[in-house]
Amino acid sequence: MPQNKFEHAIIVGGSLGGLMMGLALSRSGYTVTILERADSSLRNGAFIRLHTKPSRNSEIERELRHLASSGDNNVEAWSAIQERLRNAVANEPGITLQHHTRIVSVGQNESSAWATSEEEQTFKGDFLIGADGYRSIVRRYLSPDKPFADYAGYLVWVGKVDEKLLPKNDWKKRQLSSAYFNDSAAGTLTTAVMPGIEGGTNPGQRWIGFCWFDHSHNHLLSELGVLKGGIAQHKRGILPFEKTVKQKIRSIYKLGGISMNDTKNRYVTVLWEARAKAGREAEMKAFMTAAVTPSRNDLGNIDYEAHEVEGQPGTFIIYERWENRDALDRHLSAPRMQELVPQLLELMEGSIEEGIRLLQPFRPAQ
Ligand SMILES: Cc1cc2nc3c(=O)[nH]c(=O)nc-3n(C[C@H](O)[C@H](O)[C@H](O)COP(=O)(O)OP(=O)(O)OC[C@H]3O[C@@H](n4cnc5c(N)ncnc54)[C@H](O)[C@@H]3O)c2cc1C
């Protein structure tokens, strides 16, 4: 037990940092109250690799490393680590973890520190620790001149997918615990192979975690006001962005209007012409080239050909045919469009809609 007057710690935030800090303090003899605004459900995430070494640290650090990593130098699901820390906290007599407690202000004087929730409940301790993430209330209190963290320069899309949902041919190519990095113009995609939901480690039983460090939306985020002066604004960040992309896609549908509806069960032909901004011709050509194969692979595609108009470098015509309207709809709302539409708008003159013509097929009666 510490022989000092500080005995009770308040921690704001009960995620990985707050839980780990709480365990470290409790095992050092402090009583701890962790205040977390969220409910007790586990959060989604991608993966983390935790190391069990090194050996010259304190006993508490060794224990906690072992706990967080489950004793292996493995890549593991973020939520698996969170769950293990939560269970350890639940079994730790010195810690109270309180969910549904959003802290709205913190303060301190010579002898104590406190946090007040939006329900106006005040939690007092001998000292207070901020583990409340990137929009920290505690940081705002301590550094009023720099209340928010800088935007790192990219969005991160994180998640995990059950390997058995991915093509079976690829299962054996992946090694458990390996991380793969793919760089592209849109950023870096990191994937890692980790034990699955039941802890299964055989091909087909595992999770594939992914983190896509995506810097291709920065311009759009600024346009939407989600990013201001290098600081991410807290206004349901991604929602307006999704809405914009969806609106864009919807307006592409709408362009066909009635004639598209008429072709419901027949094949649909789209002729789309677009011109590159001056100086962006080569980039746009590369972009169009990259779009061909994925579009051809979309279900219901009959033809997808990209052309550059002879004598007009930078003017492109795409000729596409789809088995029916549903196939075209599926193609336009494919997840990759979220990324591609804003990229394309950066490269081309005017709007996508202006250049689209839908051709209504007709044939001789016999
Ligand atoms: C959805 C998501 C998934 C992620 N996945 C990964 C991943 O797979 N791998 C990786 O390495 N990194 C990932 N990260 C990055 C992540 O920031 C770190 O891994 C790690 O979560 C940082 O831990 P932390 O405890 O410092 O902060 P956070 O995890 O951000 O935790 C802050 C906690 O404080 C709580 N809180 C905030 N404000 C208040 C308040 N006013 N009152 C009470 N509670 C409050 C929040 O609800 C949250 O639980 C992810 C981040 C997010 C948002």
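In the range 134-151, which residues are in a loop (DSSP other than H, G, I, E, B) and within 15 Å of the ligand (Cβ to nearest atom)?
The answer is Tyr134, Arg135, Ser136, Pro147, Phe148, Ala149, Asp150, Tyr151.
Checked against (1) in contact with a Phe, Trp or Tyr (Cβ under 7 Å, 6 or more places away or on another chain); (2) aliphatic (A, V, I, L, M); (3) part of a loop (DSSP other than H, G, I, E, B), Val156 passes all but condition (3). Give the residues of the range 174-231 that are within 24 Å of Ser69 (Cα to Cα) and polar (S, T, N, Q), sorted by residue number. Hits for the range 174-231 are Gln175, Ser177, Ser178, Thr190, Thr191, Thr201, Asn202, Gln205.
Is one or more of the residues making up the range 51-58 part of a loop (DSSP other than H, G, I, E, B), within 15 Å of the ligand (Cβ to nearest atom), free of Cβ contacts under 8 Å to residues at least 40 places away in the same chain and closer than 30 Å to Gly159 by Cα? Scanning the range 51-58, I find at least one residue that is part of a loop (DSSP other than H, G, I, E, B), within 15 Å of the ligand (Cβ to nearest atom), free of Cβ contacts under 8 Å to residues at least 40 places away in the same chain and closer than 30 Å to Gly159 by Cα, so the answer is yes. Residue pairs whose Cβ atoms lie under 9 Å apart, sitting 6 or more positions apart in sequence or on different chains, and linking a residue in the range 103-124 that is over 14 Å from His8 (Cβ atoms) to a partner that is part of a strand (DSSP E or B) and more than 13 Å from the ligand (Cβ to nearest atom), are Ser105/Trp114; Val106/Ala113; Val106/Trp114; Gly107/Ala113; Gly107/Trp114; Thr116/Gly107; Thr116/Thr122. Each residue in the range 12-34 was checked for being under 29 Å from Leu176 (Cβ atoms), within 11 Å of the ligand (Cβ to nearest atom) and buried (at least 22 other Cβ atoms within 10 Å of the Cβ), and 1 of them qualify. In the range 204-225, of all residues being within 30 Å of Asn74 (Cβ to Cβ) and more than 16 Å from the ligand (Cβ to nearest atom), the one that is modelled with the lowest pLDDT corresponds to His215. What do you reckon, is Arg37 surrounded by 15 or more Cβ atoms within 10 Å (Cβ to Cβ) and not aliphatic (A, V, I, L, M)? In short, yes.
Among the residues making up the range 118-148, those that are out of contact with any Asp or Glu (no Cβ under 7 Å at 6 or more places or on another chain), surrounded by 14 or more Cβ atoms within 10 Å (Cβ to Cβ) and under 29 Å from Asp214 (Cα atoms) are Gly130, Ala131, Asp132, Gly133, Ser136, Ile137, Arg139, Arg140, Pro147, Phe148.
The values are calculated or read from the model by the stated rules, or taken from the named source; none is laboratory data. Computed from a predicted model, the values in this text were never measured in an experiment. Cβ coordinates were reconstructed from backbone atoms using ideal geometry, including for glycine residues, and neighbour counts include every protein chain displayed.
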